[in-house]
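**Student:** Take a look at the following structure, please.
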Amino acid sequence: MIRDFVYFKAGTVKETLDLLDKYKDDYKIICGGQSLLILMRQGLVAPANLIDIKKVTELSYIEFDLKTGLKIGAATTHRDIEKSEIIKKHYPILVYMEENIASNQTRNWGTIGGNLCHGDPTGDPGPVFIALNALVKIADKKKERNLLLEDFFVDYFETALQDGELLLEIQIPIIAPLTAVAYEKFNIIQNDQGIVSAAVSITLTKDGDSCKDARIVLGGAASKPLRIKEAEQILMGKKLTDSLLKKAGEKASELADPVSDIHASETYRRYLAEVLTKRMVKKAWEQALTYMKR
Amino acid sequence: MEKQLLRITVNHQYHELYIEPKRLLVEVLRNELELTGTKRACSTGACCACSVILNGMAVKSCSVLAMQADECEVLTVESLAENGELTPLQKAFLDFGAFQCGFCTSGMLMSATAFLRETPKPTVDQIREALHGNLCRCTGYNSIIRAVKAVADGKYKGSSQ
């Protein structure tokens with residue numbers, strides 16, 4: 001049973017920030033509500049004030065520029081991202097990620113900002129956006145600030161958003177040449193949340209011979225999306241070999257910090273972290289190699 | 001809890017209702033408007049039995065606050081048949097035996113209706129993708145997919161899907 005709350009519908013960002021400031025002590029923001037309403041129905045979240053930003057249309061947009069990259073408004077739905085021709089062309093991994101997030105029904109109404117602010121460590125966009133080196137733009141009534149997405153996630157269902165702050169925008173830089181990004185999650189039911197997921201970005205050297213840059217991010221393997229920098233270091237300057245993949249995978253497994261729960265044991269999650277890291281490094285690397293031949 | 005004004009067009013009919021803001025769309029459809037064709041099953045957002053079309057998109061009416069549908073247009077399963085004439089999709093569901101207990105049917109019909117408007121000539125794989133969130137506990141999936149495919153292939157003439 002959902003507990004009583006006072007409901008406010010904001011029409012603009014300014015109105016939203018005023019409401020957040022006024023009800024600082026006890027509020028929740030709802031946009032698509034696809035995660036929040038489940039928690040409210042279970043009584044796990046019971047805000048005194050509910051601030052609805054679904055009709056704040058100025059937060060729903062997808063913009064792209066060859067210099068500055070991609071900007072996605074926080075209230076943009078999953079479905080709009082998945083169907084965007086610009087994203088299909090320049091960031092196809094996002095289309096793949098979005099298509100596998102949940103049912104059409106959830107993607108039609110749920111928003112990208114809501115997904116990130118929910119702070120679920122098994123969420124799909126977190127790892128992929130971090131592999132793409134995303135930034136988030138946040139504001140409160142007084143000021144705006146930018147934050148790396150990897151610093152936005154703090155703990156289970158906890159983000160760096162302070163009381164009164166609103167997530168405005170996700171920014172993704174242009175993907176460097178000879179770079180490919182791969183993402184996969186392991187789950188039992190298709191399009192369900194992943195038990196463990198891995199997002200990997202590989203940039204090759206000009207001659208395509210070795211790895212120039214790498215980003216490896218795990219989902220479902222810790223209290224937040226986890227970047228495994230030491231596994232990235234293992235790849236730098238090296239050629240693709242089975243033993244290199246094994247080393248990177250083992251490092252990811254070692255540095256993961258998963259828990260045992262109803263879906264999987266800690267041991268199994270570590271095993272998945274290794275397997276998915278190996279597979280995604282290989283997949284991204286081989287994909288990047290095909291860009292050489294063009 | 002203080003009631004608030006909801007202005008909502010359901011099945012082409014405009015309504016003004018005073019509701020508690022914590023009411024879900026499915027509750028307003030079933031309890032206030034007595035449109036009980038929309039079914040509430042899992043109540044955790046996992047089964048899509050409560051799917052309706054909101055501003056042209058399939059959504060789960062158990063996962064949308066009714067107040068979020070203010071000034072929106074909602075279509076429920078009751079909107080499909082006109083003057084007793086079933087839509088092609090409804091006829092196909094009958095012909096293909098696309099239900100057993102029937103509890104998932106209104107959600108299946110609304111999801112498939114929205115999908116066929118979006119993707120008029122889908123492949124079987126696209127139909128499976130589009131309906132994968134709609135659970136059928138009697139496991140009648142194949143007959144459902146066949147019914148949607150038959151309509152997409154133009155085997156049923158009639159009013160709009």
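**Student:** Under a cut-off of 22 Å between alpha-carbon atoms, report the lysines in cross-link reach of A:K83, not counting same-chain residues fewer than 8 places apart.
**Tutor:** List returned: A:K54, A:K55, A:K71, A:K185, B:K60, B:K121.
**Student:** Starting at the first residue of the stretch A:153-169, write each ³J(HN,Hα) from the Karplus equation 6.51 cos²θ - 1.76 cosθ + 1.60 with θ = phi - 60°, in whole Hz, x for Gly and Pro.
**Tutor:** Values, residue by residue: 7, 10, 6, 3, 6, 9, 10, 7, 4, 8, 3, x, 9, 10, 6, 9, 7 Hz.
**Student:** Another one. At 25 °C and a viscosity of 0.890 mPa s, what translational diffusion coefficient does Stokes-Einstein give for the stretch A:179-292, taking Rh as the Kirkwood radius over Cα pairs? Give it in µm²/s as a whole number.
**Tutor:** The Stokes-Einstein estimate is 176 µm²/s.
**Student:** Related question: How about the stretch A:217-263: which GluC sites (Glu not before Pro) there are in a DSSP loop, with at most 13 other Cβ atoms within 10 Å of their Cβ?
**Tutor:** Listed in order of number, the matching sites amount to none.
**Student:** For the stretch B:88-152, what mean projected area does the convex hull of the alpha carbons give, in nm²?
**Tutor:** Across all orientations, the stretch B:88-152 yields a mean hull projection of 3.6 nm².
**Student:** While we're looking at this one, here's another question. Taking the Cα centroid of the stretch A:90-137 and of the stretch A:7-76, what is the distance between the two, rounded to the nearest whole Å?
**Tutor:** About 16 Å separates the Cα centre of the stretch A:90-137 from the one of the stretch A:7-76.
**Student:** Quick check for you: which residues of the stretch A:249-270 have the amide N under 16 Å from the point 7 Å beyond the Cα of A:E230 toward its beta carbon?
**Tutor:** What the label zone holds, given the 16 Å backbone N cut-off, is A:249-258, A:270.
**Student:** Could you list, bin by bin from short to long, the percent of Cα-Cα pairs of the protein assembly as shown in 10 Å steps?
**Tutor:** Per 10 Å bin, starting at 0, the Cα pair percentages come out as 4, 20, 27, 25, 16, 6, 1, 0.
**Student:** In deg cm²/dmol and to the nearest 500, what is the mean residue ellipticity at 222 nm of chain B if only DSSP H runs of at least 4 residues count, each as -39500 (n - 2.57), divided by the residue total?
**Tutor:** Using -39500 (n - 2.57) per qualifying helix, the result is -8000 deg cm²/dmol.
**Student:** Continuing with the same structure: Taking a ≥ b ≥ c as the square roots of the Cα gyration tensor eigenvalues, with a/c under 1.5 meaning rounded and otherwise prolate when a/b beats b/c, else oblate, which class fits the stretch B:37-141?
**Tutor:** rounded
**Student:** Here is a follow-up. What residue among A:H90, A:H118, A:H78 shows peak mean-square fluctuation when chain A is described by a Gaussian network model with Cα springs under 10 Å?
**Tutor:** A:H90
**Student:** Tell me whether the stretch A:66-142 comes out rounded, prolate or oblate; compute the Cα gyration tensor, take square roots of the eigenvalues as a ≥ b ≥ c, and use a/c under 1.5 as the rounded threshold.
**Tutor:** rounded
**Student:** A further question follows. List the aspartates and glutamates whose alpha-carbon lies under 12 Å from that of A:K293, not counting same-chain residues fewer than 8 positions away?
**Tutor:** A:D207
**Student:** Expressed as an acute angle from 0 to 90° and rounded to the nearest 10, what is the orientation of the C-alpha long axis of helix A:13-22 relative to the principal long axis of chain A?
**Tutor:** 70 degrees
**Student:** Which residues' amide hydrogens lie under 5 Å from the amide hydrogen of A:K212, considering only partners 5 or more residues apart or on another chain, with H built in the peptide plane?
**Tutor:** Sorted by chain and number, the residues that satisfy this are A:T203, A:L204, A:T205, A:G237.
**Student:** For A:V154, list long-range residues whose amide hydrogen, built 1.01 Å from N in the peptide plane, is under 5 Å from its own amide hydrogen.
**Tutor:** Hits under the 5 Å cutoff: A:T159, A:A160.
**Student:** Each residue of the stretch A:178-188 in turn: what ³J(HN,Hα) in whole Hz from Karplus with 6.51, -1.76, 1.60 and θ = phi - 60°, glycine and Pro shown as x?
**Tutor:** Karplus-based 3J(HN,Hα) across the stretch A:178-188 equals 6, 10, 10, 10, 10, 9, 8, 10, 9, 9, 8 Hz.
**Student:** In whole Hz and in residue order, list the ³J(HN,Hα) couplings for the stretch B:8-24 that follow from phi through the Karplus curve 6.51 cos²θ - 1.76 cosθ + 1.60, θ = phi - 60°; x for Gly and Pro.
**Tutor:** Karplus-based 3J(HN,Hα) across the stretch B:8-24 equals 9, 9, 10, 6, 6, 10, 7, 10, 10, 10, 9, 9, 6, x, 7, 5, 7 Hz.
**Student:** Something else now. Which is the longest run of chain B containing none of the GluC sites (Glu not before Pro) found in DSSP loop states (not H, G, I, E, B) with at most 12 other C-beta atoms within 10 Å?
**Tutor:** B:72-161
**Student:** With the cut-off at 1.5 for a/c, could you classify the stretch A:6-52 from its C-alpha gyration tensor as rounded, prolate or oblate?
**Tutor:** Since a/c reaches 1.5 but b/c is at least a/b, the shape of the stretch A:6-52 is classed as oblate.
Where a number appears in this text, it was derived from the coordinates with a stated rule and is not lab data. These numbers come from a predicted model, not from an experiment. Virtual Cβ from ideal backbone geometry, glycine too; neighbours counted across all protein chains shown.
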